[in-house]
1. Pick from the stretch 57-89 the residues that are among the hydroxyl-bearing types (Ser, Thr, Tyr) and either open to solvent by 50 Å² or more (accessible area, probe 1.4 Å) or modelled with pLDDT under 95 (or both): which of them is farthest from Trp19 (Cα to Cα)?
2. Which pairs do you get when a residue that is assigned to a helix (DSSP H, G or I), found in the stretch 68-87, comes within reach of a residue that is open to solvent by 80 Å² or more (accessible area, probe 1.4 Å) and at pLDDT below 95, reach meaning Cβ atoms under 8 angstrom, with the pair 6+ apart or on two chains?
3. What is the one condition in (1) free of Cβ contacts under 8 Å to residues at least 12 places away in the same chain; (2) not in a loop (DSSP other than H, G, I, E, B) that Arg62 does not satisfy?
4. Limited to the stretch 18-38, what total is found for residues that are open to solvent by less than 60 Å² (accessible area, probe 1.4 Å) and under 18 Å from Ala80 (Cα atoms)?
5. Being part of a helix (DSSP H, G or I) and either modelled with pLDDT of 90 or more or surrounded by 15 or more Cβ atoms within 10 Å (Cβ to Cβ) (or both) narrows it down to one of Thr54, Thr4, so name that one.
6. Contact list please: Cβ distance under 7 Å, first residue in the stretch 1-22 and free of Cβ contacts under 8 Å to residues at least 60 places away in the same chain, second residue assigned to a helix (DSSP H, G or I) and open to solvent by 60 Å² or more (accessible area, probe 1.4 Å), pairs at least six apart or on different chains.
Amino acid sequence: MSTTACVTLILQGVIFAAWAALMFRTLFRLNTIAERPRRALGQSPLPFRQTIATFADFAKGRTLRTDRNRLIWLTLLLFASIALGEAAR
């Protein structure tokens, strides 16, 4: 394996680790946001509708906009590094 391929693979691993950490952090934060109304009302099961509404707000940029933008950029960076890695072969 060439030096360029090793460096590219390490770079992809670092980008993926950052992407995965941000994704899990965002998912846990979205779950907390979705549970707030349930806790306020004292209900036990989380309505599926509330979860979907929270994720829809995230997708539209109404909730956690900074996390959403970071995920978009990390995803694009990861795809670009994959393309560069394939081009280097």
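1. Thr63
2. Qualifying pairs under 8 Å: Ser81/Leu11; Gly85/Leu9.
3. Of everything listed in (1) free of Cβ contacts under 8 Å to residues at least 12 places away in the same chain; (2) not in a loop (DSSP other than H, G, I, E, B), Arg62 misses just condition (2).
4. So the count comes out to 2.
5. Of the residues listed, the single one that is part of a helix (DSSP H, G or I) and either modelled with pLDDT of 90 or more or surrounded by 15 or more Cβ atoms within 10 Å (Cβ to Cβ) (or both) is Thr54.
6. Leu22/Arg70
The values are calculated or read from the model by the stated rules, or taken from the named source; none is laboratory data. Predicted model only: the values in this text are computed from it and were never measured. A quick note on method: Cβ atoms are made from the backbone with ideal geometry, for glycine too, and the neighbour counts reach across all protein chains shown. The area values use the complete protein model at the heavy-atom level, side chains included, leaving out ligands, DNA and RNA. Shrake-Rupley method; radii C 1.70, N 1.55, O 1.52, S 1.80 Å.
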